[in-house]
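*Asks:* Below: one structure in structure tokens.
The values are calculated or read from the model by the stated rules, or taken from the named source; none is laboratory data. None of the values given here were measured: they were computed from a predicted structure. All Cβ positions, even for glycine, are placed from backbone atoms using ideal geometry, and neighbour counts span all protein chains on display.
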Amino acid sequence: MTVSIIPSQLSGDIIAPASKSSMQRACAAALLHSGTTIIQNPGNSNDDLAAIELIKNLGAVISNNNQELVIHSKGINNNLVENEEALVVNCGESGLGIRMFTPIIALSNKKITINGKGSLLTRPMDFFDTILPQLGVNIASNEGKLPLIIQGPLLPNEITVDGSLSSQFLTGLLFAYASSVKAPTNIIVTNLKSKPYIDLSLQVLTHFGYNISHQNHETFTILPKQIDSSDKTINYTVEGDWSGAAFLLVAGAIAGNICVKGLDVFSTQADKAILQALMDSGCRLSVTEKEIIVAKPPLTNGLVPFHFNATDCPDLFPPLVALAAFCNGKTVIEGVNRLAHKESNRGLTLQEEFGKLGITIHLQDDLMIVEGGTQIKDATVHSHHDHRIAMACAITALNANGTVVIENADAINKSYPSFYSHLQQLGAKVLLP
């Protein structure tokens with residue numbers, strides 16, 4: 001799909017989309033819970049739909065009720081006890097999905113094939129080749145990539161894992177351990193990145209009655225579940241998505257005066273850190289518990305370059321680059337090493353596509369240096385099948401000197417299907433096919 005963005009000014013109110021990070025974790029917890037889970041404000045992105053389909057294939061019974069998702073499960077083992085067929089499940093293109101659900105699926109003694117599609121097929125999964133055999137799980141991978149063929153049951157014991165590639169591997173282990181440990185068990189983690197995402201995982205697990213503590217995000221102690229919640233109904237509300245809302249907030253700083261609602265300012269989501277970058281850039285910003293108002297600075301001032309460490313929130317790179325493109329000088333963003341194994345190699349992709357728009361980006365070891373303040377050119381750009389690249393190009397186009405055409409623009413469906421319609425609601429001139 002090709003979308004054209006005509007330079008526009010934004011105004012008005014908008015409600016942030018549902019967080020796919022929160023939604024997918026809720027689906028995992030609902031699968032493990034023996035009883036009913038009611039998920040309110042469920043997401044509808046491709047990653048969310050993949051998680052719903054996956055837990056359905058693992059025996060959960062799901063129904064939609066207005067703005068609620070009702071999930072009935074007996075726990076993964078009981079769900080599959082009568083299933084004698086070889087199971088094949090698919091995580092779509094969700095990196096969190098494959099990394100979180102694989103240890104959960106390994107709780108079963110069934111032989112199960114786990115696959116994905118798109119860029120997920122090229123992402124490294126050799127973490128599981130190393131870790132799962134230590135937990136009694138048989139695994140066969142495609143030289144460290146999908147598909148994975150696993151057979152448990154996973155038997156929790158004390159292990160040490162490397163958290164430098166992604167915190168999502170640890171999230172999967174925490175969910176699997178929480179639902180199966182019989183005695184206090186430790187997971188020791190080295191070089192953990194994206195700690196706020198682990199805090200979100202712990203928040204969801206606590207909500208579902210599990211007990212996990214940690215010491216400086218280095219030693220995680222998982223205790224057996226003390227409260228019998230079998231057949232209990234658990235209600236969980238998916239919070240607003242700071243990752244998607246970051247693009248709306250930056251759009252306001254670039255091209256308007258908007259109000260974003262539906263975000264929890266006390267959230268553990270890592271991408272809430274976009275607020276710090278916005279403050280440092282000099283835009284007008286007002287933050288309350290119920291709404292965030294963001295607008296362009298006075299013309300006499302303009303946006304100023306900033307220095308930001310995105311190591312723990314690498315998904316912010318695309319909106320940060322869009323913001324930096326309008327800052328008068330060189331903005332420095334740390335954490336480039338976290339970008340290689342996303343939907344695209346985002347460091348190189350941002351450099352290439354923003355180069356077409358007239359913005360020079362330098363990559364130096366773990367640093368990205370964005371030379372902002374020059375006029376944005378009209379151009380044709382490509383998302384590289386990466387949802388965040390498509391959104392970054394779209395908001396940058398709002399203040400270009402002509403129309404920007406985005407190819408493969410439907411990549412946004414992975415995380416934020418209503419993105420273009422939300423821009424239109426705020427007054428953006430978006431030409432859809």
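*Asks:* Could you check the stretch 147-158 and list, in sequence order, the residues that are surrounded by fewer than 19 Cβ atoms within 10 Å (Cβ to Cβ) and over 26 Å from the mean Cα position of the chain (by Cα)?
*Replies:* Those that are surrounded by fewer than 19 Cβ atoms within 10 Å (Cβ to Cβ) and over 26 Å from the mean Cα position of the chain (by Cα): Q151, P153, L155, N157, E158.
*Asks:* Which ranges mark the helices (runs of 4 or more DSSP H) fully within the stretch 316-433 that have 1 or more residues being at pLDDT below 95 and buried (at least 19 other Cβ atoms within 10 Å of the Cβ)?
*Replies:* Here the list reads 346-356.
*Asks:* Now for a different question. So which residues in the stretch 21-55 are surrounded by fewer than 22 Cβ atoms within 10 Å (Cβ to Cβ) and in a strand (DSSP E or B)?
*Replies:* If the condition is that a residue be surrounded by fewer than 22 Cβ atoms within 10 Å (Cβ to Cβ) and in a strand (DSSP E or B), then S34, G35, T36, I38, Q40 are the ones that fit.
Okay, residues lined up against (1) polar (S, T, N, Q); (2) in the same structural domain as A411 (by TED's automatic domain parsing); (3) over 21 Å from the mean Cα position of the chain (by Cα):
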residue: N57; (1), (2), (3): yes, no, yes
residue: V88; (1), (2), (3): no, no, yes
residue: L96; (1), (2), (3): no, no, no
residue: F101; (1), (2), (3): no, no, no
residue: I104; (1), (2), (3): no, no, no
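*Asks:* Let me ask something else. Go through the stretch 186-241 and count every residue that is among the β-branched types (V, I, T), without any contact (Cβ under 8 Å) to a residue 60 or more places away in the chain and touching a helix residue (DSSP H, G or I) at 6+ places or on another chain (Cβ under 9 Å).
*Replies:* Within the stretch 186-241, residues that are among the β-branched types (V, I, T), without any contact (Cβ under 8 Å) to a residue 60 or more places away in the chain and touching a helix residue (DSSP H, G or I) at 6+ places or on another chain (Cβ under 9 Å) number 4.
*Asks:* Take A253 and decide whether it is part of a helix (DSSP H, G or I), within 15 Å of the chain's Cα centre (by Cα) and outside the structural domain of S180 (by TED's automatic domain parsing).
*Replies:* No.
*Asks:* Just a yes or no: is a residue in the stretch 74-82 surrounded by 21 or more Cβ atoms within 10 Å (Cβ to Cβ) and assigned to a strand (DSSP E or B)?
*Replies:* The answer is no, given that none of the residues of the stretch 74-82 is surrounded by 21 or more Cβ atoms within 10 Å (Cβ to Cβ) and assigned to a strand (DSSP E or B).
*Asks:* Just name the residue that is farthest from I187 (Cα to Cα) out of those in the stretch 199-213 that are surrounded by 16 or more Cβ atoms within 10 Å (Cβ to Cβ) and in contact with a strand residue (DSSP E or B) (Cβ under 7 Å, 6 or more places away or on another chain).
*Replies:* Across the stretch 199-213, the extreme among qualifying residues is F208.
*Asks:* If you check N64 against the conditions, is it at pLDDT below 95 and assigned by TED's automatic domain parsing to the domain that holds C27?
*Replies:* The answer is yes for N64.
*Asks:* Oh, and also: Could you tell me whether G59 is assigned to a loop (DSSP other than H, G, I, E, B) and either small (G, A, S) or within 28 Å of H387 (Cα to Cα) (or both)?
*Replies:* yes
*Asks:* Could I ask something else about it? Please list, ordered by first then second residue, the pairs with beta carbon atoms under 6 Å, 6 or more apart or interchain, first in the stretch 87-115 and at positive phi, second crowded, with 24+ Cβ neighbours inside 10 Å and at pLDDT 95 or above.
*Replies:* G92/A50
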